[in-house]
Structures are given as C-alpha cells and as structure tokens.
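Asks: Dropping a structure here in structure tokens format, bear with me for questions.
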Amino acid sequence: MSSRQLKRKALELLGSGDLDRALDCLCQMPARQIINPLLSFLVTTDPKIKWASVTAIGVVVANLADHDREAARVIMRRLMWQLNDESGGIGWGCPEALGEIIVCHAGLAGEFAEVLVSYVRQDGNFLEYEPLQRGAVWGIARVAQVDSYLVDDSIPHLLPFLKSPDAALRGLAAWALGLLGAQEACLGIEGLLGDPSGVEIYRDRKLSVLPVMNLATEALARLKNA
C-alpha cells in the first residue's frame with residue numbers, strides 16, 4: 001500500500017465513527033508506516049479526526065514501544081521537537097499526543113511524564129501559545145485519569161490557569177486539578193461555579209461541549225470526596 005493509500009485508509013477508519021474497530025485495524029498495520037499519517041491528522045480542522053488520531057497515536061506508539069522502545073522514543077522526541085521554537089512549527093496536537101502515549105505505555109510514562117509537565121512550568125518549557133497550553137493541560141489531565149502521581153508536581157503550575165482569560169484553559173485546569181486531588185485549588189475552582197462559558201473537551205473517547213461551571217462542579221465534588 002502506498003503512503004497516499006495508507007493515509008486515505010487511516011482517514012477513512014478514523015472518520016468511520018467506530019473507533020474501536022479503527023484502532024484494531026490500525027494496530028494491524030506496520031507502526032512505522034501508519035504513524036506518519038496519524039501525526040499529520042493532528043493539524044486537521046476536524047476535531048473528531050484530530051481526537052481520534054490522538055487516541056490512535058497513543059495505542060500505536062505503545063504497541064511499537066513493546067517491540068522497539070527506541071523507535072517509540074524517536075516519535076516522542078519528534079513530538080517534543082515540534083513544540084520547540086527552533087523547529088519552526090507550531091506543534092498542533094503534540095502535547096495531547098504526548099499525554100495519550102504516556103497513558104498507554106508505563107515505560108514511556110516513566111521517561112516522559114516530566115517533559116509533559118514542563119510545558120506548563122514557567123521555569124520549564126512553558127508554552128506561550130494558548131491553544132498549545134490547552135493541549136498541555138489536557139494531556140496532564142489525561143495522565144491524571146490513570147496515574148495522578150506521574151504529574152502531581154504540575155499542581156502549582158496549573159493553578160494560575162483557573163484565572164485565565166481563555167475559557168477552555170479555565171475549564172481544563174479545573175478538570176485536571178480535580179483529578180489531581182489538589183485541595184489547594186478548591187477556592188479557585190469555586191470561583192468558576194458561575195462561569196457559563198462553553199468548553200470543547202474530549203473525555204472517554206467522546207467529544208462534547210460543557211460549561212466551565214459544570215467542570216468546576218465536577219472537580220469540587222471529586223475533591224470533597226477525596
């Protein structure tokens with residue numbers, strides 16, 4: 001199958017609406033061949049394809065890491081390079097992809113979780129562009145869903161996002177801090193209980209739009225039950 005045919009097939013699978021079947025089919029393809037089409041979809045303007053690609057990248061790279069850890073590391077470093085000013089690129093979708101890979105592979109998580117956190121640290125590799133910040137906060141929240149210990153040092157660096165002028169960052173930060181069990185965030189999250197701004201969020205392989213106040217309410221409930 002040519003690279004063009006492979007890309008067309010991957011797009012067809014990701015857009016089919018049956019993500020489980022798509023992942024099964026993609027995982028049967030050579031990881032080194034299918035990863036490039038998947039990475040290219042991170043820049044699509046279709047959010048359903050973008051997020052399906054994020055999920056697929058996590059699974060494909062995790063499978064690759066089981067057989068060739070260094071090849072998987074190369075992909076991780078490629079994503080990191082795209083977030084580097086020197087790359088000349090923007091890095092669309094790269095923080096999200098890093099987070100999903102970390103979720104899917106414990107070995108890579110141990111090596112790269114700290115890198116993901118560095119993207120929200122002013123004393124680290126802080127991302128200045130708000131859309132990339134959203135990706136980093138989403139990635140941290142995604143990891144926290146599975147193992148909050150890996151990213152719990154992000155807590156003090158996420159707190160300022162609760163006051164961001166960007167609604168998506170406020171909502172994503174509340175979600176992440178709730179998952180991280182950040183009791184020190186309660187007051188800041190309470191300040192969002194009257195915030196009706198809508199946030200597009202991808203959770204549990206579903207894309208939806210939720211008001212910030214809903215995410216804040218959910219986070220506070222989690223923190224109070226912790």
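Since every read-out is calculated from the coordinates, none of them should be taken as a lab result. The structure presented is a predicted model; accordingly, all values stated were derived computationally and were not measured. All Cβ positions, even for glycine, are placed from backbone atoms using ideal geometry, and neighbour counts span all protein chains on display.
Asks: On a 0 to 90° scale, report how tilted helix 69-82 is relative to the longest principal axis of the chain, with both axes built from alpha carbons and the result rounded to the nearest 10.
Replies: 60
Asks: Which angle between 0 and 90 degrees, to the nearest 10, do you get for helix 47-67 versus the longest principal axis of the chain when only C-alpha atoms count?
Replies: The answer is roughly 70 degrees.
Asks: With a 10 Å radius around each residue's Cβ, average the other Cβ atoms per peptide and rank 101-107, 43-49, 174-180, 21-27, highest first. Write out the running numbers ahead of the final one.
Replies: Details: 101-107: 21.1, 43-49: 13.0, 174-180: 27.9, 21-27: 17.0.
In decreasing order of mean packing, 101-107, 43-49, 174-180, 21-27 become 174-180, 101-107, 21-27, 43-49.
Asks: Tell me the label only: which of (i) 60; (ii) 54; (iii) 67 is percent of Cα pairs over 21 Å apart as calculated from this structure?
Replies: So the calculated entry is the one marked (ii).
Asks: Let's see if you can work this out: charge +1 on each Lys and Arg Cβ, -1 on each Asp and Glu Cβ, no other charges. What is the dipole magnitude of the chain about its Cα centre, in debye to the nearest 20?
Replies: Computed about the Cα centre, the dipole is about 680 debye.
Asks: Between beta-carbons, use under 11 Å as the cut-off and find the net charge around residue 115, counting Lys and Arg +1, Asp and Glu -1.
Replies: Values: positive: 77, 121; negative: 111, 114.
Local charge sum for residue 115: 0.
Asks: Using only Cα atoms, find the angle between the long axis of helix 130-147 and the longest principal axis of the chain, and express it within 0 to 90 degrees, rounded to the nearest 10.
Replies: It works out to around 90 degrees.
Asks: Rounded, prolate or oblate: which one fits segment 61-158, using the alpha carbon gyration tensor with axes a ≥ b ≥ c (rounded when a/c is under 1.5, else prolate when a/b beats b/c, else oblate)?
Replies: Details: a/c = 1.96, a/b = 1.18, b/c = 1.67.
Cα axes put segment 61-158 in the oblate bin.
Asks: While we're on this one: Check cross-link reach from residue 48 to the lysines: straight Cα distance under 19 Å, and skip same-chain residues fewer than eight apart.
Replies: Of all the lysines, those that pass the test against residue 48 - Cα under 19 Å, at least 8 places apart if same chain - are 7, 9, 206.
Asks: Once both labels are modelled 7 Å past Cα along the beta-carbon direction, what's the residue 149-residue 45 spacing in nm?
Replies: Each label point lies 7 Å from its Cα, and together they span 4.5 nm.
Asks: In which sequence would 143, 209 go, from the one with the fewest C-beta neighbours within 10 Å to the one with the most?
Replies: Details: 143 28, 209 8.
The most exposed by this proxy come first: 209, 143.
Asks: Please give the contour-minus-distance gain from residue 206 to residue 78: 0.36 nm per residue of separation, less the Cα-Cα distance, rounded to one decimal in nm. Don't skip to the answer; put the middle values down first.
Replies: Numbers: separation 128, 0.36 × 128 = 46.08 nm, distance 2.67 nm.
Stretched fully, the residue 206-residue 78 segment lengthens by 43.4 nm.
Asks: Amide H neighbours of residue 199 under 5 Å, at least 5 residues apart or on other chains, H built in the peptide plane: list them.
Replies: Result for residue 199 returns 210, 212.
Asks: What does a probe at residue 28 reach in segment 1-19, counting residues whose amide N is under 19 Å from the point 7 Å along Cα→Cβ?
Replies: 1-3, 5-19
Asks: Could you work out how far apart the two model spin labels at residue 221 and residue 8 are, taking each label as a point 7 Å from the Cα in the direction of the beta carbon, and quote it in nm?
Replies: Label-label distance for residue 221 and residue 8, simple model: 4.7 nm.
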